[in-house]
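Novice: Mind having a look at this structure? Questions to follow.
The values are calculated or read from the model by the stated rules, or taken from the named source; none is laboratory data. Small disclaimer: the values here were computed from a predicted structure and weren't measured. Note that each Cβ is placed from the backbone with ideal geometry, even for glycine, and that neighbours are counted across all protein chains shown.
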Number of protein chains: 2
Amino acid sequence: MFSFDPIGYVKSPYPSTHGVPKGLGAKHQAEGILEILPKYEIGLTDIEGFSHLFVLWVFDRAEGYELIGNPPSDSRPHGVFATRSPRRPNPVGLTVVQLLRREGRLLHVRGVDMLDGTPILDIKPYLSSIPQDRLRRGWLADAESRASKEDRSR
Amino acid sequence: MFSFDPIGYVKSPYPSTHGVPKGLGAKHQAEGILEILPKYEIGLTDIEGFSHLFVLWVFDRAEGYELIGNPPSDSRPHGVFATRSPRRPNPVGLTVVQLLRREGRLLHVRGVDMLDGTPILDIKPYLSSIPQDRLRRGWLADAESRASKEDRSR
């Protein structure tokens, strides 16, 4: 058994699941704020260099789970691990958001599909797989650039 | 506080962190097995249609955390949320793996960077952002194809 405390909470335009776009072709363009607890703010250092972030969070209003269910994007049932259903054995959500700007311990992001007040467990940089022309990779790109220059100067 | 029980464990070629490729340009091509507990096997239904999966897991051998640290890919320190450091407030790892094949409750995958015995919290389908020509999206692609045919027949 592993126990986790939230590092912060999501401010989102969705008070309940009704408003969250679902199903095939659902677009998540909503803006929101990841509000990180003051004691963790220093951990956000350099995050503003990344264009996209992974957000790990808790489906805190989901109850129980079902191993086979009908996702909104299909009329056929599927195994829970082949879907993004909230009703999972461990109700952890994963969302890729675009980082619009950082304001201290507030991360303004686009692409939230979480409910307002959702507890955040972790934030990680998104390092690859977004098409290259839309991706910024912050300090990693800087570090690669420096390493590349060092290689060339050898 | 949220508590989670593993849904399974990773079989990986890495007994300790020494062997895991790290730093700039590190490639994770190692093969391993995601061994899901028998009681959750039915939740894997249809997962074999996906080429890639997100695996959420626990850095169960990491101790404590530091909000600013030096990742192996840079000589400069960065905030923990701008890195993939194991020493995070909530030590949850995220890995994208390629699904090679399913054998009952065993998922044979490529791209493991977890240690042998790592507890798995969740598995989710990777639905976008892998370049289209390398991505299979399993039942979702089927469902889209069916929905598209239904649209055209209207």
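Novice: For residues that are within 11 Å of the chain's Cα centre (by Cα) and closer than 27 Å to B:L44 by Cβ, tally how many sit in the range A:93-120.
Specialist: Matching residues across the range A:93-120 total 6.
Novice: Considering every residue within the range B:88-110, establish whether at least one is acidic (D, E) and at pLDDT below 90.
Specialist: no
Novice: Among the residues of the range B:113-133, write down those that are modelled with pLDDT under 95 and either part of a helix (DSSP H, G or I) or among the β-branched types (V, I, T) (or both).
Specialist: The answer is B:I130, B:Q132, B:D133.
Novice: Return yes or no: is B:F59 closer than 16 Å to A:I36 by Cβ and either away from chain A (no Cβ under 11 Å) or among the aromatic types (F, W, Y) (or both)?
Specialist: no
Novice: On to the next question. Which of the residues that make up the range A:27-46 are of a type in the set (A, V, I, L, M) and touching a residue at least 60 places away in the same chain (Cβ under 8 Å)?
Specialist: Matches in the range A:27-46: A:A30, A:I33, A:L34, A:I36, A:L37, A:L44.
Novice: Any residue at all in the range A:83-96 that is farther than 20 Å from B:W57 by Cα and buried (at least 20 other Cβ atoms within 10 Å of the Cβ)?
Specialist: no
Novice: Follow-up question, since we're still on this one. Identify, please: which residue in the range A:70-82 is in contact with a strand residue (DSSP E or B) (Cβ under 8 Å, 6 or more places away or on another chain) and surrounded by 18 or more Cβ atoms within 10 Å (Cβ to Cβ) and is, among those, farthest from the other protein chains (Cβ to nearest Cβ)?
Specialist: Among those that are in contact with a strand residue (DSSP E or B) (Cβ under 8 Å, 6 or more places away or on another chain) and surrounded by 18 or more Cβ atoms within 10 Å (Cβ to Cβ), it is A:P71.
Novice: Okay, moving on. Among the residues in the range A:39-61, are any modelled with pLDDT of 95 or more, in contact with a helix residue (DSSP H, G or I) (Cβ under 9 Å, 6 or more places away or on another chain), farther than 28 Å from B:P71 by Cα and crowded, with 20+ Cβ neighbours inside 10 Å?
Specialist: Scanning the range A:39-61, I find no residue that is modelled with pLDDT of 95 or more, in contact with a helix residue (DSSP H, G or I) (Cβ under 9 Å, 6 or more places away or on another chain), farther than 28 Å from B:P71 by Cα and crowded, with 20+ Cβ neighbours inside 10 Å, so the answer is no.
Novice: Out of B:E35, B:E48, report the one residue that is more than 9 Å from chain A (Cβ to nearest Cβ) and either within 23 Å of B:P6 (Cα to Cα) or aliphatic (A, V, I, L, M) (or both).
Specialist: B:E35
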